[in-house]
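This is the structure, below, for whatever I ask next.
FYI, it's all coordinate maths here, none of it is from the lab. Keep in mind that what you see is a predicted model, and the values were worked out from it rather than measured. Note that each Cβ is placed from the backbone with ideal geometry, even for glycine, and that neighbours are counted across all protein chains shown.
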Amino acid sequence: MSYLETTRNVYKEAAESPSIGLCCTTTPIWQLPGLNIPVKMQQMNYGCGSTVHPRDLINNPKVLYVGVGGGMELLQFAYFSRQKDGVIGIDIVDEMLIACKENFVEAERLNPWFSSDFVEVKKGDALHLPVADCSIDVAAQNCLFNIFKQEELKQALQEMYRVLKPRGRLVMSDPTCEVEMPETLREDERLRALCLSGSLPLWEYIMMITDVGFGTVEIRAKRPYRILDPKNYDTDKLIYVESVEVCAIKDPMPADGPCVFTGKTAIYYGNEASFDDKKGHILLSNQPLAVCDKTAAALASLNREDIFISGSTWFYDGGGCC
Ligand SMILES: C[S@@+](CC[C@H](N)C(=O)[O-])C[C@H]1O[C@@H](n2cnc3c(N)ncnc32)[C@H](O)[C@@H]1O
């Protein structure tokens with residue numbers, strides 16, 4: 001049996017007998033005015049973090065969500081789009097598609113603004129999306145891509161890139177891990193399917209994203225996720241796993257490489273009203289400017305005593321330099 005088949009079986013089981021906390025952090029569930037999330041949908045929250053960000057959802061975007069789970073994030077996306085087929089949900093596991101649709105019926109009962117036909121739920125594989133090229137404004141996945149091994153991860157990212165319109169956004173939440181994962185854990189198909197042992201170090205994850213062509217990447221959040229300890233797992237050291245929320249934008253790739261925003265800020269505090277690096281960045285006196293890591297490095301290399309560059313906050317929320 002391949003690990004992809006094991007994954008399908010794990011989520012068939014998870015659809016038939018919801019298992020609270022199967023694969024999610026304890027991050028509180030996004031509550032919004034007038035949004036009532038059915039209990040079963042909450043129990044089937046098999047994600048980490050959130051991929052639903054209101055600032056991505058202006059101008060009536062067409063949303064694609066891959067790996068539906070109990071449908072909670074689809075409902076949250078529908079909350080913003082509120083139109084027939086405004087959101088497409090894709091999953092490879094029949095039982096998960098059925099459970100998700102059932103949850104939408106309950107969601108309709110609890111939310112007068114919601115209609116099940118706001119979400120088109122379709123069977124499909126993240127590795128071969130049944131979606132037309134350049135047709136999606138916002139594509140999202142939560143806690144699915146970390147399960148994929150390198151080759152499949154590349155293919156899944158290429159698929160998301162293919163279906164996004166130019167400047168479209170890929171919003172993802174996944175575990176990452178800076179400690180080297182023992183091979184026995186990496187190859188444990190069930191642990192991988194449960195989002196515990198497939199995660200990459202954050203920079204490798206970012207490189208996979210930029211290698212398929214995304215010109216801009218934003219790290220929006222980073223938080224503790226799990227500990228794999230020697231008492232409970234086949235490891236002789238403690239493995240600390242985090243989860244990240246990332247947005248990758250299908251911008252043209254800059255000639256000098258991608259812009260990756262990790263939450264760095266530059267502040268000019270010299271004697272002039274502003275500082276102009278003549279490369280498109282104007283720093284107003286004592287006004288923080290969010291900068292990508294490339295710009296942060298270029299400004300730091302000027303060795304000026306009147307420019308402060310902050311560290312990465314891993315909490316980038318827009319307004320950046322590029
Ligand atoms: C970890 S769960 C995450 C569910 C949901 N995103 C959430 O946050 O609750 C992974 C989801 O991906 C689905 N899945 C697994 N393999 C898939 C594949 N190759 N293509 C599409 N969906 C897949 C599973 O059925 C499950 O719904």
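So the check is Cβ under 7 Å with 6+ separation or different chains; which pairs have a first residue in segment 282-300 that's within 10 Å of ALA266 (Cβ to Cβ) and a second one that's of a type in the set (Phe, Trp, Tyr)?
Sorted first by the residue in segment 282-300, then by its partner, the pairs are LEU283/TYR268; LEU283/PHE275; ALA290/PHE261; ALA290/TYR316.
Now for a different question. Taking segment 161-209 only, how many residues are in a helix (DSSP H, G or I) and more than 22 Å from ARG55 (Cα to Cα)?
Residues flagged as in a helix (DSSP H, G or I) and more than 22 Å from ARG55 (Cα to Cα) within segment 161-209 amount to 16.
Tally time: how many residues in segment 140-154 are part of a helix (DSSP H, G or I) and either of a type in the set (D, E, K, R) or near the ligand (Cβ under 10 Å from one of its atoms) (or both)?
The qualifying residues number 6.
Picking from THR184, THR176, THR210, which residue would you name as being of a type in the set (S, T, N, Q) and touching a strand residue (DSSP E or B) at 6+ places or on another chain (Cβ under 6 Å)?
Values: THR184 fails: touching a strand residue (DSSP E or B) at 6+ places or on another chain (Cβ under 6 Å); THR210 fails: touching a strand residue (DSSP E or B) at 6+ places or on another chain (Cβ under 6 Å).
Matching residue, one of THR184, THR176, THR210: THR176.
Still on this model: Just to verify a result, which residue in segment 158-173, among those that are of a type outside the set (Ser, Thr, Tyr) and out of contact with any Leu (no Cβ under 8 Å at 6 or more places or on another chain), is nearest to GLY198 (Cα to Cα)?
First pass over segment 158-173, keeping only residues of a type outside the set (Ser, Thr, Tyr): 158-160, 162-172.
Checking the rest, the ones that are also out of contact with any Leu (no Cβ under 8 Å at 6 or more places or on another chain) come to 158, 165-169, 171-172.
Working: GLN158: 19, LYS165: 29, PRO166: 30, ARG167: 29, GLY168: 27, ARG169: 24, VAL171: 19, MET172: 15 Å.
This residue is MET172.
Looking at GLU102, GLU106, GLU95, GLU120, which one is within 9 Å of the ligand (Cβ to nearest atom) and either touching a residue at least 24 places away in the same chain (Cβ under 8 Å) or part of a helix (DSSP H, G or I) (or both)?
Every option except GLU95 fails the conditions.
Restricting attention to segment 235-268, report how many residues are surrounded by 13 or more Cβ atoms within 10 Å (Cβ to Cβ) and over 28 Å from the mean Cα position of the chain (by Cα).
Here the count works out to 2.
Oh, and also: Scanning for something without any contact (Cβ under 8 Å) to a residue 60 or more places away in the chain, of a type outside the set (Gly, Ala, Ser) and not in a strand (DSSP E or B), does segment 237-249 turn up at least one residue?
Yes, the conditions are met somewhere in segment 237-249.
Restricting attention to segment 116-158, and to residues there that are more than 16 Å from ILE206 (Cα to Cα) and of a type in the set (D, E, K, R), which single residue is surrounded by the most Cβ atoms within 10 Å (Cβ to Cβ)?
Checking each candidate, the answer is ASP137.
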